[in-house]
Amino acid sequence: KTTTHEITAAVVRGKEQPFVIEQARLRGPQDDEVLVKVVATGLCHTDLIVRDQYYPVPLPAVLGHEGAGIVEAVGPNVRDLKVGDHVVLTYGACGHCNPCRGGHGAYCKDFFALNFGGDDGHGHTAITDAQGQPLHDHFFAQSSFATFAIAREINAIKVPDDAPLELLGPLGCGIQTGAGAVLNSLQVRSGSSFASYGAGAVGLSAVMAAKVAGATTIIAIDVVPSRLELALELGATHVVNSRESDVIEAVRAITGGGADFALESTGRPEVLSAGIEALGGLGMMGVVGAPKLGTTASFDVNNLLLGGRSIRGIVEGDSVPQVFIPQLVTLFLQGRFPFDKLVKFYPLEQINQAAEDSTKGITLKPILRIA
Ligand code: NAD
Ligand code: ZN
């Protein structure tokens, strides 16, 4: 039996219930796992839709999936990481199915079980509460709303010691999702037009990446004026407030017929439909916004067909995290990917305030400072 560690964790006890700060215990790392002392964790919209049970993660659970921290201990089969390494925690993937072998871990055949299953895949959790009852965990193979977390070596990404670790957690999900959708999935070209439906953390990461890619028309669409202002600062050449103007007309007018590339991150089917309508010939729409399971959206079949347009779903920006996260760190350190402008820090104890500020559009990317 391995030793256990006393931890403080934010626990969701029931659907739509606030996070509760509790004392709990975490077992030590086994096999290819690492124990990570969490320095800070981003709060992503996905944590909130799971709290509200859009996705059926069993409760009570410790969520959190944008952890950044320092390796505290390693399991017997860890090969590349060592105690003291700085790591960003990202999504879980098995590492040996065909999608994983092809460099597409975001489409791992066990993705749902490994990230949303609520245990280690064999019915065991690593965390127990103060009464000794198991708490569901392994959320995105980390459950990082806690002072310590367990991840596997495959989803703990080493980052340079001289990068500001407390800032880097969101690279593991929301930011790699927006940036990767643009750079890896859509492969936005230099000189092209790009429309970001949604200027939240994901959509603004996409805007910054479109600028890195050399897109010359970059449109941000949202309903929150402060987010549109920030979009202009981060590289958008145009903004559209969809409460004030007709989005389809506006995007067509700005691009002279329709966007070459677009990304939907609002999670609203009517916004997706509008975005498809406002694609130019051969235009590509990437879909990352997550509505409730079973949600459908509609589009004009002949508009899609005759224009050679396409729509594709994207998980985690199709990134190979070991490659992509260090690239984003380098772009950040060079001043070309200033995602720190999205961030506001909160202590872990204020997680419910952070969630509320995120929902209200006051804070773009909350990061909970833990150590
Ligand atoms: P967010 O809440 O910060 O961003 C959503 C934005 O959409 C907000 O700025 C909001 O004002 C805007 N919006 C809402 N209604 C709108 C409308 N009608 N028209 C225009 N804009 C509108 O959330 P986020 O953290 O950026 O995440 C975005 C989505 O991506 C969420 O659904 C999240 O669950 C999902 N997500 C998916 C992946 C993936 O791998 N596919 C990864 C991370 C997050
Ligand atoms: Zn996320």
Inset, instruction - Filter segment 241-255 for residues that are within 15 Å of ligand 1 (Cβ to nearest atom) and part of a helix (DSSP H, G or I) and give the result. - result: Val247, Ile248, Glu249, Ala250, Val251
Legend entry - Which listed residue, of Lys365, Lys341, is in contact (Cβ under 8 Å) with a residue 60 or more places away in the chain and over 15 Å from the mean Cα position of the chain (by Cα): Lys341
Legend entry - Matching residues, segment 61-107, being of a type in the set (Gly, Ala, Ser) and open to solvent by 20 Å² or more (accessible area, probe 1.4 Å): Ala73, Gly84, Gly95, Gly102, Gly103
Inset, instruction - Out of Leu331, Leu348, Leu342, report the one residue that is within 16 Å of ligand 2 (Cβ to nearest atom) and open to solvent by less than 80 Å² (accessible area, probe 1.4 Å). - result: Leu342
Inset, instruction - Count, please, the residues in segment 44-65 that happen to be more than 16 Å from ligand 2 (Cβ to nearest atom) and of a type in the set (A, V, I, L, M, F, W, C). - result: 1
Inset, instruction - Pairs only if they're at least six apart or on different chains, beta carbon under 6 angstrom, first in segment 98-113 and more than 13 Å from Ser319 (Cβ to Cβ) and hydrophobic (A, V, I, L, M, F, W, C), second more than 14 Å from ligand 1 (Cβ to nearest atom) and at pLDDT below 95; list them, first residue then second. - result: Ala113/Gly121
Legend entry - Top-ranked residue in segment 108-140 [being within 16 Å of ligand 2 (Cβ to nearest atom) and outside any loop (DSSP other than H, G, I, E, B); ranked as surrounded by the most Cβ atoms within 10 Å (Cβ to Cβ)]: Phe140
Legend entry - Residue selected from segment 271-287 under the condition open to solvent by less than 30 Å² (accessible area, probe 1.4 Å) and touching a residue at least 40 places away in the same chain (Cβ under 8 Å), by the criterion nearest to ligand 2 (Cβ to nearest atom): Gly286
Legend entry - Conditions (1) within 14 Å of ligand 2 (Cβ to nearest atom); (2) of a type in the set (Gly, Ala, Ser); (3) surrounded by fewer than 24 Cβ atoms within 10 Å (Cβ to Cβ); number of the one not met by Gly191: (1)
Legend entry - Hits in segment 41-63 - residues which are assigned to a loop (DSSP other than H, G, I, E, B) and away from ligand 1 (no atom under 12 Å from the Cβ): Gln53, Pro56, Val57, Pro58, Leu59, Pro60, Leu63
Inset, instruction - Pull up segment 305-327, narrow it to residues that are out of contact with any Cys (no Cβ under 9 Å at 6 or more places or on another chain), among the charged types (D, E, K, R) and in contact (Cβ under 8 Å) with a residue 60 or more places away in the chain, then point me to the one that is farthest from Gly281 (Cα to Cα). - result: Asp318
Legend entry - Test for Gly198: is it surrounded by 24 or more Cβ atoms within 10 Å (Cβ to Cβ) and in contact with a Cys (Cβ under 6 Å, 6 or more places away or on another chain): no
Legend entry - Scope segment 242-270; condition surrounded by fewer than 19 Cβ atoms within 10 Å (Cβ to Cβ) and out of contact with any strand residue (DSSP E or B) (no Cβ under 7 Å at 6 or more places or on another chain); matching residues: Arg243, Glu244, Ser245, Asp246, Ile248, Glu249, Arg252, Ala253, Gly256, Arg268, Pro269, Glu270
Legend entry - Unmet criterion (only one of (1) over 18 Å from Val50 (Cβ atoms); (2) in contact (Cβ under 8 Å) with a residue 60 or more places away in the chain) for Gln133: (2)
Inset, instruction - Give me a count of the residues in segment 1-38 that are open to solvent by 80 Å² or more (accessible area, probe 1.4 Å), in contact with an Asp or Glu (Cβ under 7 Å, 6 or more places away or on another chain) and charged (D, E, K, R). - result: 3
Inset, instruction - Just give me the residues in segment 201-220 being open to solvent by 10 Å² or more (accessible area, probe 1.4 Å) and of a type in the set (Val, Ile, Thr), in sequence order. - result: Val202, Val212, Thr216, Thr217
Inset, instruction - With respect to Thr41, determine if the residue is at pLDDT below 95, within 16 Å of ligand 2 (Cβ to nearest atom), of a type outside the set (Gly, Ala, Ser) and surrounded by 20 or more Cβ atoms within 10 Å (Cβ to Cβ). - result: no
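The values are calculated or read from the model by the stated rules, or taken from the named source; none is laboratory data. Note that this is a predicted model, so its numbers are computed, not measured. As a convention, Cβ positions derive from the backbone with ideal geometry for all residues, glycine included, and neighbour counts pool all protein chains shown. For accessibility, only protein heavy atoms count, side chains too; no ligands or nucleic acids. Shrake-Rupley method; radii C 1.70, N 1.55, O 1.52, S 1.80 Å.
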